[in-house]
Amino acid sequence: VVTVGAANARIAAPVVAKEREELINRIDAETSDADALERSVDKLRDDVGDRQRKALKTQGGNQGDLVALLAGATEVEGPGVKLVVDDAKGTEQGGDGPREDSGFNDTGRVRDRDMQRVVNGLWESGAEAVAINGQRLTALSAIRAAGDAILVDNRPLVPPYTVLAVGDGKKLSTAFQDSADGQYLHALQENFGIRSSISTESTVRLPAAPSLIVRTAEPNTADAGTGSGQDTADTGKGTS
């Protein structure tokens, strides 16, 4: 039985080796195709972003530059503040522990909701443009969590989190630190060891947003006396 088994294995070995080689070749080919598609997607995404930025500049009328600035379609340079937020010392990546009901973190890790409050506090304090770790924020940006990572528009960030904001540096810094969100960040620092520092900068540079979602609105010119309002009231559906 041992002899027959050894003979069969000796015969099957070349077949197994060939199948393994074919499988490796298929994997390499599929990987190359996937890489090529990813490069194509990145190129198309960049092209779409460029076209959207140009559209915002040309279709904004006499306020085209302002529209492009507010939409994050252009680079920004000017005075502002630099705010650095980091995990507590000795905190390991992957530390567990849910967010407590009080809204604070007992693991010393910076969470997505912390960065949400920081960014909202800067906007409320007068920031004209904001970026986190070089990622420009727009009115449609989302700060979310995926496991232990913080995502900005689905792009992962790693600590320390450097937030740059354009505006009147001194007023912006003072207003943020006196705001409820600034006090929230101070409480995280005092109670949980999360580190933060803010400084006034004479010049900060923010890149344009990597991708934009352009939306337009048109006025509803339907005549209110045609009875459409009655239809809306009866059906509960609006008109477009």
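The values are calculated or read from the model by the stated rules, or taken from the named source; none is laboratory data. These numbers were taken from a predicted model, which means no experiment stands behind them. Note that each Cβ is placed from the backbone with ideal geometry, even for glycine, and that neighbours are counted across all protein chains shown.
Flag not set for VAL67, criterion: at pLDDT 75 or above and either closer than 19 Å to SER141 by Cβ or under 19 Å from the mean Cα position of the chain (by Cα) (or both).
Only one entry in LEU137, LEU172 is surrounded by 15 or more Cβ atoms within 10 Å (Cβ to Cβ), over 20 Å from the mean Cα position of the chain (by Cα), under 19 Å from GLY80 (Cβ atoms) and not assigned by TED's automatic domain parsing to the domain that holds ARG51, namely LEU172. Set side by side, the residues GLY193, GLY182 differ, and just one is surrounded by 20 or more Cβ atoms within 10 Å (Cβ to Cβ), out of contact with any Leu (no Cβ under 8 Å at 6 or more places or on another chain) and more than 15 Å from GLU128 (Cα to Cα), which is GLY182.
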